[in-house]
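See structure below.
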Amino acid sequence: PPVRAQADPLRQVLLNLLLNAQQAMPSGGTIAISTLAGQGEPGCSLRVSDTGHGIAAEHLRKIFQPFFTTKPPGVGTGLGLSVVHGIIKGHGGDIRVESAPGEGATFIITLPAA
């Protein structure tokens with residue numbers, strides 16, 4: 001279904017998630033984007049999954065905090081996922097992540113229906 005959102009900020013969200021996925025797979029891998037409507041809630045979910053190195057459990061609760069990064073100095077500022085979080089929350093949506101080391105990561109965005 002249609003969702004209540006602005007196209008340019010959502011492009012920024014997708015670009016950031018895709019770049020992070022690419023960086024998590026330096027030797028290559030698979031990125032999948034999927035959508036899901038309904039499931040007992042109004043709105044739509046967008047999933048961005050990768051087959052990269054995954055996220056350690058101790059980092060999962062911090063990844064949306066400004067300036068938190070696991071990347072080496074000079075590679076990232078730690079602002080990307082914080083900005084993504086702010087954009088999604090600003091649209092009345094929610095974002096969460098499912099991940100385990102060595103098993104890739106899936107970011108799940110839920111946006112309200114229009």
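The alpha carbon gyration tensor of the chain gives principal lengths a ≥ b ≥ c with a/c of 1.5 or higher and a/b greater than b/c, which makes the shape prolate. Distance between the modelled labels on GLU98 and LEU14, one decimal in nanometres: 2.2 nm (7 Å Cα→Cβ projection).
Computed extension gain for LEU79 through GLN22, at 0.36 nm per residue and net of the alpha carbon distance, reaches 18.8 nm. Backbone phi angles across segment 97-105, fed through the Karplus curve with coefficients 6.51, -1.76 and 1.60 (θ = phi - 60°), yield HN-Hα couplings of 10, 10, 6, 8, x, x, 10, x, 9 Hz in residue order; Gly and Pro are listed as x. The mean sequence distance of close C-alpha pairs (under 8 Å, at least 6 residues apart), as a share of the length of the chain, puts its relative contact order at 34 percent. Amide H contacts under 5 Å for GLY43: GLY38, ALA113, restricted to partners 5 or more places along the chain or on a different chain, H placed in the peptide plane at 1.01 Å from N.
Throughout, read-outs are computed from the coordinates displayed, never taken from laboratory work. Quantities reported herein were computed from a predicted structural model and do not represent experimental measurements. Virtual Cβ from ideal backbone geometry, glycine too; neighbours counted across all protein chains shown.
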